[in-house]
Amino acid sequence: MRMLPICFIALFMVGCTSLSTQINKSDSKSVHRSTTKNKNTSYVRLYTKPAELLGSPFKDLGIVSGESCRNTLQDPPASIAIARQNMQAKASRLNANGVLLHQCAIFYGHGCYQIAICEGTAVITTN
């Protein structure tokens, strides 16, 4: 019976600790620059409704996502527009010429103070 409070205290202390990870900002900037270069090499059209793809044959290449993260309070807020651009850049790396947007959302706390995430399906249309 005496061990029960000690176990609860130990579990409480272990559960309240957090892993401290440091983000190397120079690496994240170089990744952002490379996605900007890929984005400019080919045009990827953004389809917001599935009806836009009706009547044109297309090939599904898989799901792609993009994100925009606000690492510190001094950084600019997370942007859905940047998350969409990053999603289109990932689709471009798959040689897609279109992305069917599923959803975009802004969350708080998932490794960032604020994060915008967009998800869609990369497609190749023949038209």
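The values are calculated or read from the model by the stated rules, or taken from the named source; none is laboratory data. No experiment lies behind these values; they were computed from the predicted model shown. Using ideal geometry, Cβ is built from the backbone for each residue, glycine included, and neighbour counts are taken over all protein chains shown.
Looking at THR126, is it β-branched (Val, Ile, Thr) and modelled with pLDDT under 90?
yes
Looking at region 49-59, is at least one residue surrounded by fewer than 15 Cβ atoms within 10 Å (Cβ to Cβ), in contact (Cβ under 8 Å) with a residue 24 or more places away in the chain and small (Gly, Ala, Ser)?
For region 49-59, residues surrounded by fewer than 15 Cβ atoms within 10 Å (Cβ to Cβ), in contact (Cβ under 8 Å) with a residue 24 or more places away in the chain and small (Gly, Ala, Ser): present.
Can you tell me which residues in region 76-97 are without any contact (Cβ under 8 Å) to a residue 24 or more places away in the chain and either more than 14 Å from the chain's Cα centre (by Cα) or on the phi > 0 side of the Ramachandran plot (or both)?
Listed by number, the list holds a single entry, PRO76.
Go through region 98-127 and give me each residue that's in contact (Cβ under 8 Å) with a residue 12 or more places away in the chain, farther than 30 Å from LEU54 by Cα and of a type in the set (Gly, Ala, Ser).
GLY111, the sole residue that qualifies.
Among the residues of region 105-127, count how many are farther than 13 Å from GLY62 by Cβ and buried (at least 17 other Cβ atoms within 10 Å of the Cβ).
Selection size over region 105-127: 6.
Out of (1) modelled with pLDDT of 95 or more; (2) touching a Gly at 6+ places or on another chain (Cβ under 9 Å), the odd one out for PHE58 is which?
PHE58 satisfies all of (1) modelled with pLDDT of 95 or more; (2) touching a Gly at 6+ places or on another chain (Cβ under 9 Å) except (1).
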